[in-house]
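Enquirer: Quick one: this structure, given as structure tokens, is what I'll be asking you about.
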Amino acid sequence: MKLRVTPPVFRGALHDPRTATSIGRWLGPAFAVCFATGLVSHFLQHPPDWLADTLPSRPSWGYRLTQGLHVASGIAAVPLLLAKLWTVYPRLFAWPPLRSPRHGAERLSVALLVAGAVFEVATGLLNTAQWYPWPFSFVPVHYAVAWLVTGALLLHLAVKAPQIRAHWSRRSPGTSALPERDGPDRRSLLAAVGAAVGAVTLTTVGQSFTPLKDLDLLAPRRPDRGPQGLPVNRTAAAAGVGRITGEEYRLVVDGPRPYTLTLEELRALPQYEVELPIACVEGWSASARWTGVRTADLLDRAGAHPHARVRVVSLQPRGGYRMSEMGHTYARDPLTLLALRLNGEELHPDHGYPARLIAPGRPGVLQTKWVGRLEVLA
Ligand SMILES: Nc1nc2c(c(=O)[nH]1)N[C@H]1C(S)=C(S)[C@@H](COP(=O)(O)O)O[C@H]1N2
Ligand SMILES: [Mo]
């Protein structure tokens, strides 16, 4: 018996390069914003040695903006990517599957692009929900695959340049002035995709763009819900931090002239009030009023060099976020505090009682809570 394979036939007129180009015009920029803001986030969190002393601490809302854009463009990419894949999926059934080595290479690069893009959007989305149903570490893998997707995307744009050029403008060269038969259908499809992008954006962007917080129905967090009006990413219990009493607490500042302070002594130092956001890498951010001691004052008292880096160590016994480092641009910024109060009250245990770091322009994960030690690094 002879095996006969009959590939499906697609008659839908919208599975064409013109629709693919129209959606690509939006998907491409969404990915570009996602990649650029992702790089910012990566370099702020893991600065290479040559960058660590020059990263700017201002504008204080900088990371809030870039990470808000990162998550918003990633969420907007979901309907765009689905629409794009719907447009081109008939090509999966192209027959014969391999026409030439060149054709094979092109299909392979598209397969990588699709797999990588779906992977990035899916893992990013699950990360905003703090759900990690995979065995690998999210940050390095999400970062590495971002490079792969960007490379595959540039290659894809180069390979498809002729089609993109032909279909970029309203009037494609081949069809001259004749009205396009599928024009109305295509416009309906694109309007629906646009509406979907608008809907997912409007119902999530309030997690970082506070004026729209009342529309924030789909994002996992509301920026104004939590103890003292601020969300909590990891509670004291989840971090394994036991009850810290004010009497027992000590802050150790380790430098050329090391010293230790009690909470009473910390409160007796000059206090400053700043308005600064917590901007979590997972996409939510919220501004709050913090009161505490300037880290610059604490470091001066320890005889630290003005350009010294500082390690901030938590009383949290273990976990990746129990420690953070900062260069002098942050450590010496007058807005950077070892905060003792939040929105006029003593810090809630989940916000880092009795003392937490708050610095301008830094990812939330570096705003260390339950600080017990500042170490001046050589
Ligand atoms: N010691 C310690 N500090 C920490 C964390 C942590 O897990 N442990 N989480 C960080 C993260 S991811 C964020 S977004 C902020 C959240 O601060 P908040 O809970 O006060 O809003 O705290 C940061 N500081
Ligand atoms: Mo975070």
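Enquirer: Sort out for me the Cα centre separation of segment 80-113 from segment 255-283, rounded to whole Å.
Expert: Cα centroid of segment 80-113 versus Cα centroid of segment 255-283: 55 Å apart.
Enquirer: Set the Förster distance to 25 Å, then compute FRET efficiency between A32 and R234 from the Cβ-Cβ distance, nearest 0.05.
Expert: After rounding, the FRET efficiency stands at 0.20.
Enquirer: Over segment 290-343, with a single point scatterer placed on each C-alpha, what log10 of the ratio I(q)/I(0) does the Debye formula yield at q = 0.16, 0.19 1/Å?
Expert: -0.52, -0.71
Enquirer: Could you list the square roots of 5 times each eigenvalue of the Cα gyration tensor of segment 200-280, that is, the equivalent ellipsoid semi-axes, sorted largest first and rounded to whole Å?
Expert: 36, 16, 12
Enquirer: Next up: With +1 on each Lys and Arg Cβ and -1 on each Asp and Glu Cβ, how big is the dipole of the chain about its Cα centre, in debye rounded to the nearest 20?
Expert: With only Lys, Arg, Asp and Glu charged at Cβ, the dipole is about 1740 debye.
Enquirer: Apply 1/(1 + (r/R0)^6) to the Cβ-Cβ distance of R222 and A195, taking R0 = 22 Å, and write down the FRET efficiency to the nearest 0.05.
Expert: Plugging the Cβ-Cβ distance into 1/(1 + (r/R0)^6) gives 0.35.
Enquirer: Report the gain in length on full extension from Y272 to H42: 0.36 nm times residue separation, minus Cα-Cα distance, nm rounded to one decimal.
Expert: 79.8 nm
Enquirer: Rounded, prolate or oblate: which one fits segment 231-377, using the alpha carbon gyration tensor with axes a ≥ b ≥ c (rounded when a/c is under 1.5, else prolate when a/b beats b/c, else oblate)?
Expert: rounded
Enquirer: Once you wrap a convex hull around the alpha carbon atoms of the chain, what is its projected area averaged over all directions, in nm²?
Expert: Averaging across all directions leaves 24.4 nm² for the Cα convex hull.
Enquirer: Within the chain, what's the longest run with no GluC sites (Glu not before Pro) in a DSSP loop and at most 13 other beta-carbon atoms within 10 Å? Give the range, please.
Expert: Details: sites that count: E247, E248.
So the longest stretch without any such site is 1-246.
Enquirer: At a 1.4 Å probe radius, carbon and sulfur cover how many percent of the accessible area of segment 231-377?
Expert: Values: 2860 of 5770 Å².
Percent of accessible area from carbon and sulfur atoms in segment 231-377: 50.
Enquirer: Here's another thing I want to ask about it. Name the residue, out of T37, T368, T235, whose mean-square fluctuation peaks in a Gaussian network model built on the chain with Cα pairs under 10 Å.
Expert: T235
Enquirer: Per residue, how much accessible area does segment 1-120 show when a 1.4 Å probe rolls over the protein heavy atoms, in square angstrom?
Expert: On the way: 7040 Å² over 120 residues.
On a per-residue basis, segment 1-120 sits at 59 Å².
Enquirer: Then there's this: How high is the relative contact order of the chain, given as a whole-number percent (alpha carbon pairs under 8 Å, six or more residues apart)?
Expert: 20
Enquirer: Could you give the longest part of the chain that holds none of the trypsin sites (Lys or Arg not before Pro) found in DSSP loops with at most 12 neighbouring Cβ atoms within 10 Å?
Expert: 12-98
Enquirer: In addition: Using 1/(1 + (r/R0)^6) with R0 = 30 angstrom and r between the beta carbons of H103 and D182, what's the FRET efficiency to the nearest 0.05?
Expert: Values: r = 26 Å, r/R0 = 0.88.
Efficiency, from the Cβ-Cβ distance: 0.70.
The values are calculated or read from the model by the stated rules, or taken from the named source; none is laboratory data. Remember, it's a predicted structure, so these values are computed and weren't measured experimentally. As a convention, Cβ positions derive from the backbone with ideal geometry for all residues, glycine included, and neighbour counts pool all protein chains shown. Side chains are part of the model used for accessible areas, which takes the heavy atoms of the whole protein and leaves out ligands, DNA and RNA. Shrake-Rupley method; radii C 1.70, N 1.55, O 1.52, S 1.80 Å.
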